[in-house]
Amino acid sequence: MSSNNDKILKIFSTVRCMNRDQLPRYLDGRLTDLEKHLLEQHLVDCDLCFDALQTLSQAKYREQYQPLSVSIQQYIRNSIRKVSTTQKVERYQRLEQKKESFLIYFWVVAAVALGAGGVYLVQQQNKFKAMNPPQPIAAVDKVMEPIQTSQSQPVVQQAETAAAPVASGTSGRDTLQRRPTPAEVKPVALVKKDTVKAAPATPKPAPPKDTIKKLPPAEQKEEKSTLQPARETPAPVAEKKDTPPPAPKPVPKKEKEKDDDDTKTVDAQPTGTDEFLYKAAMVYHQQGDLNEAISRYKHLTDSKSKYGELSRYQLAVCYRSKGQTGKARRMFKEVVRMNGPMKEKAQSALDSL
Amino acid sequence: MEPFRFSYVNIGNTMLQQLTNLSDKELISRARKLKDQEAEGVLLERYSHLMVAVCLPYLNTAPGTGADDVFPVLLQRLSNSLKTQTIHKVNEWIHYNIKAMQDKSDRNLPFFSTTESREIQQVENRIEQAAMNQKEQQQLLAQVNTVISQLPAEEKYFLTKFYLEQQTLAQLAASKKYSIDKTRQILKNAKQHMASILMK
């Protein structure tokens, strides 16, 4: 009873179509009873299999069937391979294209990022420069101070010389002594001082004295009001213009004038170039270009004028601001050793280092 | 280059073997969703011998009906149809397309499985699901027995002889002196009749 029940439910069981092995075996009667019954169950529903069996039951079609079946199978397999290889090639090409496009995007993004980074860096540098100027300005203040002192000190010296030895002081000597720094004592000038000293032996020494007494305050006023190195040079020229009239004798006067002119040209030329170089170095120093300023100051260190000492001092300041304390200390020591007007400043800087 | 070629062929063969083990439904799904033409090829190859057998009487009956013309056209038609039409039973779909190709008036009509076919399929699914549940199986068995008792006598006789007594088609045909085709048609009608009653 139970086996009958199972069989009843198998009325609606699903059976696959005949495969290429079962089909001829069914026709030849080479199937087991169970297998045959299962295939016949399928044949009840499947028109395709039943039609195929009906056709192949005829001998003329049976002969054609086998070669055609093999050839169509081969045809499908070949077309699958062709299709599959072309598909794989297409997939590979698509992948490659994607990779290439990703690479292009990557490089574009990288280039943009680099560009943006560069712009950002430049902006930061500009900001840094904008933020930094207080330091160079402070340095300039420091720098300007020595110039003032170097100018004021000679003035004091001039006042002293003008007040005490009136008899010994001559106009020519004063004008020569008024030349900037005490360190700057040139042998040529000294020789000419002697020649100038010889001249005042003449009966009228008074007018030069007046000029000496009158001139220093004027100079002091000018120097105090401006206190800039640029105005240093015009003052002595004005003095020199004032000095000639008191000379009584024409011949010595001419000689003296010639001598004065010679001393001026000999003396002014190096100081002028030194001053120019010093100012140029200062400009670089103010702009914060310490390396360029250092190289410029170095050119001036050999100068025997006051700028030699000043440039050494500034050089030491530059080294200090660069953090090269050893070099800075050495330069300050050199300035101290020079025993010039910057000695005290250099000493204090040395102490503070 | 040689090792690569060999390895590629091996990979292709293993792929084909894996696809051959898949059911018709899975192959159709792969061919549609993944546009896997290998799956499509495996499916068509599975039924190619039946296509050849069914098409043999049609070959060389008219100009342009040689094997080299008919089979590529049929395969292309099936390939196009596979992508657009709903296929419940591949054998019905292939049979419909072969007949449509042979009878050129029907070639533009799309394939739809018949109502009877769908009813039979639903009953088949129901019995398959009930196989794990004994209670449901008992209920279904009672229903089927009731339906068989409602069938005409001839259909009932053929069903009983064929499915319960496991007689062959030839034996059944010989017992009633019918042709095998007629015997098969009676059984088919009886099955469809049962399915329609069960699905009511």
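The values are calculated or read from the model by the stated rules, or taken from the named source; none is laboratory data. Note that the coordinates shown come from a computational prediction; the quantities given were computed from them, not determined experimentally. Neighbour counts are summed over all protein chains in view; Cβ atoms, including those assigned to glycine, are modelled from backbone coordinates with ideal geometry.
Things to note:
- Entry remark, segment B:54-68: residues being assigned to a helix (DSSP H, G or I) and more than 7 Å from chain A (Cβ to nearest Cβ) number 3 in total.
- Annotation: B:E136 fulfils all but one of (1) surrounded by 16 or more Cβ atoms within 10 Å (Cβ to Cβ); (2) out of contact with any Ser or Thr (no Cβ under 6 Å at 6 or more places or on another chain); (3) more than 9 Å from chain A (Cβ to nearest Cβ); the unmet one is (1).
- For A:E40, the criteria (1) within 23 Å of B:Q166 (Cβ to Cβ); (2) loosely packed, with under 14 Cβ neighbours inside 10 Å; (3) among the charged types (D, E, K, R) hold in every case but one, which is (2).
- Neighbours by Cβ (under 6 Å, 6+ apart or cross-chain): first from segment A:14-31, at the interface with chain B (Cβ under 8 Å from one of its Cβ atoms); second modelled with pLDDT under 90: A:T14/B:E124
- Search result, residues across segment A:329-349 that are under 12 Å from A:V317 (Cβ atoms) and not charged (D, E, K, R): A:M331, A:F332, A:V335, A:M342, A:A346, A:A349
- Residue match in segment B:39-53 (condition: part of a loop (DSSP other than H, G, I, E, B) and facing chain A (nearest Cβ under 8 Å)): yes
- Among residues of segment B:103-153 being modelled with pLDDT under 80 and polar (S, T, N, Q), the one that is nearest to B:T61 (Cα to Cα) is B:S105.
- The set of residues in segment A:302-323 that are of a type outside the set (G, A, S) and surrounded by fewer than 16 Cβ atoms within 10 Å (Cβ to Cβ) comprises A:D302, A:K304, A:K322.
- Filter result for A:E40 (closer than 23 Å to B:T160 by Cα, among the acidic types (D, E) and at the interface with chain B (Cβ under 9 Å from one of its Cβ atoms)): yes
- Residues (assigned to a loop (DSSP other than H, G, I, E, B) and more than 20 Å from A:N132 (Cβ to Cβ)) located in segment A:287-327: A:T301, A:D302, A:S303, A:K304, A:S305
- For A:L34: the one exception among (1) in contact with a Phe, Trp or Tyr (Cβ under 9 Å, 6 or more places away or on another chain); (2) more than 8 Å from chain B (Cβ to nearest Cβ): (1)
- Single residue of B:I98, B:I120 found to be more than 19 Å from A:L68 (Cβ to Cβ) and either within 13 Å of another protein chain (Cβ to nearest Cβ) or in contact with a strand residue (DSSP E or B) (Cβ under 7 Å, 6 or more places away or on another chain) (or both): B:I120
- Scan of segment B:146-172 for residues that are within 9 Å of chain A (Cβ to nearest Cβ) and under 13 Å from B:H193 (Cα atoms), ordered by number: B:I148, B:L159
- Selected residue (criterion: surrounded by the fewest Cβ atoms within 10 Å (Cβ to Cβ)) from residues of segment B:109-133 that are of a type in the set (V, I, T) and touching a helix residue (DSSP H, G or I) at 6+ places or on another chain (Cβ under 6 Å): B:I127
- Any hit, segment B:178-185, residues being assigned to a helix (DSSP H, G or I), within 9 Å of chain A (Cβ to nearest Cβ), within 14 Å of A:N5 (Cα to Cα) and in contact (Cβ under 8 Å) with a residue 12 or more places away in the chain: no
- Qualifying residue in segment B:77-93 (condition: away from chain A (no Cβ under 11 Å), within 23 Å of A:S13 (Cα to Cα) and loosely packed, with under 12 Cβ neighbours inside 10 Å): yes
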